[in-house]
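Reviewing the structure listed below.
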Amino acid sequence: MRRGAVVGVAVAVVAAGAIGYVVFEPEPFKVADYDRMCESPRSFDQAAAYQGPSPHPIEIVNGGVSLPSDDPEIRVWFPEDPAAVQLVSCVNRVERGGFVKRCEYSKGGRTIDLYQGLYSVLVYEARSGKKLAESRVAGNGFVGNVLKEDADPCQTFLRTTGTGHSEEESRPSSRQLRTVLEPHVHKQG
């Protein structure tokens, strides 16, 4: 019996020793890691310094806003290399604004009330976490027409199904975001 106990203790010691030598590699740094800036501003040592000639690569986080894919500077607005990012912009809904329009659809008796969404747009230096600017934007686009600001917003929801009543809020358009962010992206270093 004593011999079995010694073997059992020896196996436990060897197993514990093996566990002590397991090395966990950190996950690679990704552009999506900049999302944490919007949760709690911080510095990212891996980020590029906000200096040098423009344009300065910027990662736009949150807000459900998209820039057109045919934008000639798309790589600046959505850098693929996290080490190239110099700026982080956080787009967050702040509150509901005023009533815009009621969309009425004969199919199914569906109605949608459209309201203006109000957003804050913050700009941070990625490496230091320093806040560079804060703006408020009243969204002028609805899901689907954020790229075509002059389109009738009710046309956006023609393909939705169902009956009854719902509400939607506008979001900042690409043009609105570019107006707020361009001075930082194209700042001369």
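The values are calculated or read from the model by the stated rules, or taken from the named source; none is laboratory data. Small disclaimer: the values here were computed from a predicted structure and weren't measured. Note that we place each Cβ from the backbone using ideal geometry, even for glycine, and neighbour counts take in every protein chain shown. Just the protein is used for accessible areas: all its heavy atoms, side chains included, with ligands, DNA and RNA removed. Shrake-Rupley method; radii C 1.70, N 1.55, O 1.52, S 1.80 Å.
Remark: accessible surface ordering of SER40, SER173 (largest first) is SER40, SER173, probe radius 1.4 Å. Surface calculation, 1.4 Å probe, protein heavy atoms: ARG93 sits at approximately 120 Å² accessible.
Rolling a 1.4 Å probe across all protein chains gives ASP81 an accessible area of roughly 80 Å². Of the residues SER135, SER120, ranked by 1.4 Å probe accessible area with the largest first, the sequence reads SER135, SER120. Toward the positive end of the charge dipole of the stretch 31-186, with +1 on the Cβ of Lys and Arg and -1 on the Cβ of Asp and Glu, the farthest Cα among GLN51, VAL100, VAL137 is that of VAL100. Per the Debye formula on identical point scatterers at the alpha carbon atoms of the stretch 31-186, with no solvent, log10 I(q)/I(0) at q = 0.09, 0.10, 0.15 Å⁻¹ is -0.34, -0.41, -0.79.
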